[in-house]
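Peer 1: Have a look at this one before I ask anything.
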Amino acid sequence: MPRRRRAGIMSEKLKYELADELGVGDIVRREGFGEVSSRNCGNLVKRAIERAERTVSPKK
């Protein structure tokens, strides 16, 4: 039985926004996320988590 891919949590727009912030947006658009270094992928996840935390818990 083939495995089903789960729907992603992040929107495509957010993924490209974060890639642009880290300076790898051109690589992603040209070659895809598979060509981004694992360090930068980790940084993308870290930034996404930071954004989510800011959204969930507003500053006091």
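Peer 1: Relative contact order of the stretch 12-56, please, whole-number percent, based on alpha carbon pairs below 8 angstrom and at least 6 residues apart.
Peer 2: 32 percent
Peer 1: Here's something else I'd like to know. So if I place +1 on the C-beta of Lys and Arg and -1 on the C-beta of Asp and Glu, and nothing else carries charge, what would the dipole magnitude of the stretch 12-56 be about its Cα centre? I want it in debye, nearest 20.
Peer 2: Here the size comes out at about 120 debye.
Every number here is computed from the coordinates shown, using simple stated rules; none is lab data. Because the structure is a prediction, the values reported are computed rather than measured. All Cβ positions, glycine included, derive from the backbone under ideal geometry; neighbour counts span all protein chains shown.
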